[in-house]
Amino acid sequence: MIDRATVDRIKDAANIVEVVSEFVTLRKSGVNYKGLCPFHDEKTPSFYVSPARGTCHCFGCGKGGNPVSFIMEHEQMTYVEALRWLANKYHIEVQERTLSNEEKEEQSKRESMFIVNEWTAGYFSDQLHNSPDGVTIGMEYFRSRGFRDDIIDKFRLGYDPSDRHALATAARAKGYNEEFLLATGICYRNDRGELIDRYAGRVMFPWIGVSGKVVGFGGRVLDSRTKGVNQKYVNSPESEIYHKDRELYGIFQAKKAIAKEDRVFMVEGYTDVLSMHQCGIENVVANSGTALSQHQIHILHRFTSNITLLYDGDAAGIHAAMRGTDMLLAEGMNLKVLLLPDGDDPDSFARKHTASEFRRYIEEHQTDFMEFKTDLLLKGERDPLKRSEAINSIVRSISLVQNQILRDTYLHECAVRMGMNEATLINTMNKFIRDGQDRMAPQDARQGMAEAQQGAQGVGPGHIAVPQQMTVATPMDQASKVERMLVRMVIRHGEDVIYNNVEDADGNMINLNVAQYLAYNLGVDGLHFSNPLFERILNEAVEHSADDGFCAEQFFIHHADIDISKAATALTAERYQLSQQVDEPLNEQERQVREANRLESVRNQLEHLLNDFRMDYIEQRLKDLQLKIRAAASGPSDALMALMSEYKETQVLRNRLARMLGNNIVV
């Protein structure tokens with residue numbers, strides 16, 4: 001366990017902009033920052049970070065929070081794991097006792113798999129540097145490829161000895177559970193039930209995720225053994241923590257350079273990435289020979305919208321470049337393609353050139369996707385049918401470009417290059433766009449909160465008694481808009497005193513702040529919020545009202561309960577989307593007048609919302625009574641008359657409330 005003092009130090013040290021910037025490229029927007037949301041797919045930034053509040057919030061999907069909750073959500077960590085992550089980032093020492101065997105067993109399978117992967121990466125690295133075979137075989141292979149020590153260390157390269165039982169034996173000796181050696185795919189069982197090392201006799205390339213955790217491995221058989229081998233590389237099998245189509249090799253080492261350069265180079269293999277880093281080009285990742293997936297594009301889009309596909313110029317390289325273009329365009333990426341000279345791949349080309357030479361070659365030879373595709377499909381093609389198919393393919397790709405001006409520019413250039421009527425191409429493109437829209441699944445609309453009918457009674461100006469039997473308990477996801485607005489007021493203004501010298505039940509004169517006044521009103525008749533989390537927020541605001549310096553907004557946004565923190569961030573986020581203006585200096589009298597006006601506005605808003613809240617309850621009660629009256633029509637007349645009498649009384653109450661709210665009265 002982490003002690004309270006250390007937790008407070010971690011939270012105090014954590015800078016929301018620095019934390020979020022580890023995963024999202026942020027740009028200044030007034031007093032805040034914004035970027036593409038890391039929690040859902042978007043092409044226009046709606047993810048805002050507020051340094052003043054220490055929070056982030058997405059206005060598209062609603063996710064966000066403080067530094068701890070952001071790390072929990074993004075990295076799928078527990079609360080304690082997120083605290084450790086932040087402690088490590090800010091070099092805060094965390095004293096924790098060694099876990100017992102029982103406690104180790106209680107840790108999540110996912111965390112245990114990461115722990116096993118981390119140990120295994122260290123094991124492979126140790127074998128490479130310190131075992132006889134590692135030095136003479138593994139290191140010799142990397143040296144033959146020209147890799148320096150700093151690159152070997154940077155990518156945590158390693159070697160797995162040829163003894164297929166050695167790794168499992170070493171892991172068991174360290175106390176690691178066989179279950180997780182199997183779950184990660186590091187080992188498998190043979191027909192005799194023995195644990196067998198999947199990568200024995202290979203040089204190792206750990207896959208490190210965006211957050212720096214080892215998610216999987218790739219093992220390459222050595223050059224002298226590749227002849228006749230069908231599978232030079234063996235990668236980790238799919239597991240709970242490793243999905244090949246969701247990972248990019250080198251992303252952890254490249255993410256800062258990608259953001260800085262505002263461009264990413266996509267290559268095919270491990271050694272391509274390593275060689276480009278070694279020659280000084282670090283904004284490079286590999287999809288390791290698999291078809292580019294939407295998940296991989298979304299990861300890259302968090303850091304940049306500009307991508308250059310960098311492949312060798314043979315048939316395989318051309319095919320690799322072609323198969324990813326349409327998907328990249330559809331996801332809003334600005335795409336260029338560069339095919340290297342025949343006989344070269346990024347690995348060999350990087351080893352023969354300096355970074356400046358490589359960059360100059362890229363700038364001089366990369367082409368936009370339209371030029372690349374046009375040259376590839378139409379160059380020397382005379383068959384009318386094949387030309388028609390090629391032109392259709394090119395126009396279909398252009399139709400996927402998100403920027404309308406760029407799309408029109410491409411189409412014009414395409415018409416000039418092909419010698420075709422531009423109107424014909426426009427009509428064809430529009431047809432592709434319409435067809436694409438028709439095929440598109442409806443967007444997942446964010447479900448608004450259901451208007452649960454509820455209300456409250458209270459004391460103070462305009463009080464109207466609400467019948468006791470109208471207390472309603474509804475599910476968490478059915479909190480009404482009015483309820484949410486009331487809780488938002490508690491979080492924003494909970495400590496603001498809005499009534500002075502109010503007489504309590506014992507005859508004492510007291511002051512009431514927003515939280516106390518609301519709780520008192522709801523409590524008189526036993527009414528409560530439908531959402532238990534909102535109830536907790538209100539109760540804690542009242543409980544801490546007497547604390548020195550209590551500020552409800554900061555208290556709840558940085559609450560230890562992550563659910564409360566998320567709710568508070570979401571409920572209060574929208575007013576911080578716009579740039580805040582700096583007020584002109586005020587003298588004391590002007591300041592007092594402004595503060596008095598602010599408190600009056602808060603008080604009036606709270607009173608109005610309370611009446612709206614009561615009206616919700618009453619409207620729902622009328623609907624319930626109508627149903628009961630219909631059901632009782634064929635029953636005893638006394639029961640029917642009682643229901644009709646209650647219905648009439650409730651109508652009177654509803655009409656009184658309507659007059660107070662300025663609504664039309666329904667008879």
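Taking every Cα-Cα distance in segment 285-434 and sorting them into 5 Å bins starting at zero, the pair-distance distribution P(r) comes out as 2, 9, 17, 20, 19, 16, 10, 5, 2, 0 percent. Calculated from the alpha-carbon coordinates, segment 1-153 shows an Rg and a Dmax of 20.2, 59 Å respectively.
Taking only the Cα atoms of segment 143-268, the ratio Rg/Rh comes out at 0.99, with Rh defined as the Kirkwood radius.
The residues of segment 26-88 expose on average 37 square angstrom of accessible surface per residue, using a 1.4 Å probe on protein heavy atoms. Cross-link pairs exceeding 18 Å in C-alpha to C-alpha distance, out of Lys213/Lys255; Lys43/Lys256; Lys11/Lys154; Lys154/Lys255; Lys336/Lys431, comprise Lys43/Lys256; Lys11/Lys154; Lys336/Lys431. Largest accessible area first, the residues Met72, Met266 order themselves as Met72, Met266 under a 1.4 Å probe with ligands, DNA and RNA left out.
If you look at the Cα atoms of segment 321-400, you get an Rg and a Dmax of 15.0, 45 Å.
The equivalent ellipsoid that matches the C-alpha gyration tensor of segment 499-539 spans semi-axes of 22, 11, 6 angstrom, in descending order.
Counting every alpha-carbon pair across segment 110-209, the share separated by more than 17 Å comes to 50%. Computing the accessible area with a 1.4 Å probe over protein heavy atoms, can you report the carbon and sulfur percentage for segment 1-53? Carbon-and-sulfur percentage of accessible area, whole number: 49. Run through every distinct alpha carbon pair of segment 517-568 and return the Kirkwood hydrodynamic radius in angstroms, one decimal place. Hydrodynamic radius (Kirkwood, Cα pairs) of segment 517-568 is 11.7 Å.
Size of segment 1-47: Rg and Dmax of its alpha carbons, in Å, are 14.2, 42. Stretching the chain fully between Val502 and Tyr647 yields a gain of 48.8 nm (0.36 nm per residue, less the alpha carbon separation).
The values are calculated or read from the model by the stated rules, or taken from the named source; none is laboratory data. None of these values were measured; they are calculated from a predicted model. Just so you know, the surface numbers come from the protein's heavy atoms only, side chains and all, with ligands and any DNA or RNA stripped out. Shrake-Rupley method; radii C 1.70, N 1.55, O 1.52, S 1.80 Å.
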